[in-house]
Structures are given as structure tokens and as C-alpha cells.
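Engineer: Before we start, here is the structure in question, set down as C-alpha cells.
The values are calculated or read from the model by the stated rules, or taken from the named source; none is laboratory data. For clarity, every value in this text was computed on a predicted model and none was experimentally measured. Cβ coordinates were reconstructed from backbone atoms using ideal geometry, including for glycine residues, and neighbour counts include every protein chain displayed.
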Amino acid sequence: MSEYTNKKYVEMVNLAKVYPTQKGPFVVLENFNLDIPKGEFYCLIGHSGCGKSTILSMVAGLNSITAGSVCLDGKEIDGAGPDRGVVFQSPSLLPWLTAYENVMLGVKQVYPNQSKQTMHDIVCYYLASVGLFKDKDKRVTDLSQGMRQRVGIARAFALKPKLMLLDEPLGMLDALTKHELQDLIAKLHDHHAMTTLMVTHDVDEALYLSDKVVCMTNGPKATLGKILVNDMPRPRNRSELVDHPKYYVYREELITFLEDQDHKKKKVS
């Protein structure tokens, strides 16, 4: 593995996003620089309007880049592609299809030359991984919100992308389901060592899942504020994690940063 691939598997250079308005250009994000090594899990946190989802959508190729560039494995991205898997807060599923059929749609696009049996095995493996094998033939309309999100996660991982992008995928779920899916994401990440960038507003979620937490300054003109290195050992157990001597130190550091940004926001307004 080259030094470039190891240290700069994902490279964001001077990213900016500007929207034209009647009052002039509105700068959402500017001068954002971030490198993500292969196999690491990064979380983006910050107040609403700081550009977290904007960054994710630009990396996904779903939103145009005003300035700067994004490279994945040494290649500059130009639009969306199967090398990036995306899971949104609300999974984009076809409600008239079954869980199996929704995952199969993606698998057929990414593995068109594989045999039907191989594609079937891939779909079943990832549905089993998210605990939905017995429910694979249920239509999406017959699934709970948490189960639907499991289908979305299974579909994203089944495509085996180079980069997994998670945009607050657990934000609309109840606490119990949220914890279950946090455990699922952590398990899948640890098993596949998949490079991951996740947007979250939850400090505890970021500490449970991430290798590094990227803190954003307030918008407009948001940019990178600080990076917290989360070196608590993997695999992580939730009950053991909160007893780790660094847990509350890191938690306080993140909360203090967010509170400082909140004070700055109030002063401006």
C-alpha cells in the first residue's frame, strides 16, 4: 500500500460551497481541508447550518463543488458513483418492493457479470448481517422505520464501496433502535474495515463509532474547527466504553467546543 493511499485515501482540499441568492453569494462552507486514511471511521459534528451534510453530499457527488476538490483513492471524483455508498436519515427504498428486492437492485447494478446465485448469496448475506434474513420477503411498507433503515444499511454495505457515507442515518429513530443500529454499524465497520464518514449531532454516538471526530465551526462560512483523536480501543462495548478513563475527557472536550461555537453564534446574532 502506498503512502498516499494509506494517509490520504480520501482527500478534501480547500472545499467551498457557495449558493447564489438575490442578496448576493451565500457562503455555506469555505477552505475545508480533511484527509481520511483507509479503513478509518470519521464523524462530522457541529451545529445546524455548519455544512456537515453539504460536505457529505459533495463527497457523494450529489452536490456540485464550488471550489476545491475531493479525491478518493488517488482519483478526483466527478459525480456520483458506486465507489461511494450513502445512507440517509430516511432510506431511499422502493416501497412496493421487498427488502430482498431493494438490496438486489443495487447488487445487480454493481455486479452485473456475477451469476444469479452469487448475487443472491450477497443479498442474503448482508440482510442476515443486519438481522433481516427472516424478513427479507416483506414489502418495505410492512417494515418498521428501524427495519427500513437496516435495509438501507444492508444495501449500502452490499455494494462494497470504497467509502461509506452516513448522513445522520439514526436521527429519526427511538433510543433503543438507535443503539441497536449503532452496534450494527460498528460491527459492520470493524468486520469490513470500511472507510467511513458519518454526519451526526450526537456526541456520544460520535465517540462510540469514530476513530476521529471532526468538529465544524458555525456557518455561514463554516470550516474545520478541530479534530479529536478518539483512541479508545476497538471493538467497543457500550457499557465498558463509558467506564473508560478517556471517555468523559473526550466528551467534555467536544461539548465545550460546541458550547463555545454556540456562544459565538449568539454574539453574532
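Engineer: For residue 79, work out the one condition from (1) in contact with a Gly (Cβ under 7 Å, 6 or more places away or on another chain); (2) surrounded by 13 or more Cβ atoms within 10 Å (Cβ to Cβ); (3) under 30 Å from residue 13 (Cβ atoms) it doesn't fulfil.
Structural biologist: (2)
Engineer: A follow-up question, please. With the checklist (1) at pLDDT below 95; (2) out of contact with any Pro (no Cβ under 8 Å at 6 or more places or on another chain); (3) not hydroxyl-bearing (Ser, Thr, Tyr) in hand, flag the one item residue 166 doesn't pass.
Structural biologist: (1)
Yes/no matrix, rows are residues, columns are (1) part of a strand (DSSP E or B); (2) more than 26 Å from residue 49 (Cα to Cα); (3) at pLDDT 95 or above:
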{"site": "148", "(1), (2), (3)": "no, yes, no"}
{"site": "177", "(1), (2), (3)": "no, yes, no"}
{"site": "208", "(1), (2), (3)": "no, no, yes"}
{"site": "215", "(1), (2), (3)": "yes, no, yes"}
{"site": "220", "(1), (2), (3)": "no, no, no"}
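Engineer: Quick check on residue 249: is it assigned by TED's automatic domain parsing to the domain that holds residue 51, of a type in the set (Val, Ile, Thr) and under 30 Å from residue 19 (Cβ atoms)?
Structural biologist: Here the answer is no, as residue 249 does not meet what is asked.
Engineer: A follow-up question, please. Which residue pairs have Cβ atoms under 7 Å apart, sit 6 or more places apart or on different chains, and have a first residue in the stretch 131-142 that is on the phi > 0 side of the Ramachandran plot and a second that is acidic (Asp, Glu)?
Structural biologist: Here the result reads none, with nothing in the stretch 131-142 linked to a residue that is acidic (Asp, Glu).
Engineer: Still on this structure, please answer the following. For the stretch 95-126, which positions are touching a helix residue (DSSP H, G or I) at 6+ places or on another chain (Cβ under 6 Å) and either among the hydrophobic types (A, V, I, L, M, F, W, C) or touching a residue at least 40 places away in the same chain (Cβ under 8 Å) (or both)?
Structural biologist: Correct list: 95, 99, 102, 103, 104, 106, 107, 119, 122, 123.
Here is a yes/no grid of residues against (1) more than 22 Å from the chain's Cα centre (by Cα); (2) over 21 Å from residue 62 (Cβ atoms):
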| residue | (1), (2) |
| --- | --- |
| 88 | no, no |
| 93 | no, no |
| 98 | yes, yes |
| 113 | yes, yes |
| 116 | yes, yes |
| 124 | yes, yes |
| 127 | no, yes |
| 133 | yes, yes |
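Engineer: Further question: Could you please find all residues in the stretch 57-97 being under 25 Å from residue 189 (Cα atoms) and of a type in the set (S, T, N, Q)?
Structural biologist: Hits for the stretch 57-97 are 57, 89, 90, 92.
Engineer: Continuing with this model, one more query. For the stretch 252-269, what are the residues that are out of contact with any Cys (no Cβ under 9 Å at 6 or more places or on another chain), modelled with pLDDT under 90 and either in a helix (DSSP H, G or I) or under 15 Å from residue 213 (Cβ atoms) (or both)?
Structural biologist: 262, 263, 264, 265, 266, 267, 268
Engineer: Of the residues 241, 207, which single one is surrounded by fewer than 22 Cβ atoms within 10 Å (Cβ to Cβ) and of a type in the set (A, V, I, L, M, F, W, C)? Let's see the steps before the verdict.
Structural biologist: On the way: 207 fails: surrounded by fewer than 22 Cβ atoms within 10 Å (Cβ to Cβ).
Matching residue, one of 241, 207: 241.
Engineer: Please determine, by comparing only the residues of the stretch 179-204 that are among the aliphatic types (A, V, I, L, M) and not in a helix (DSSP H, G or I), which one is surrounded by the fewest Cβ atoms within 10 Å (Cβ to Cβ).
Structural biologist: Among those that are among the aliphatic types (A, V, I, L, M) and not in a helix (DSSP H, G or I), it is 193.
Engineer: Can you pull out the residues in the stretch 18-60 that are surrounded by fewer than 16 Cβ atoms within 10 Å (Cβ to Cβ), in a loop (DSSP other than H, G, I, E, B) and under 16 Å from the mean Cα position of the chain (by Cα)?
Structural biologist: Within the stretch 18-60, 37, 39 meet the criteria.
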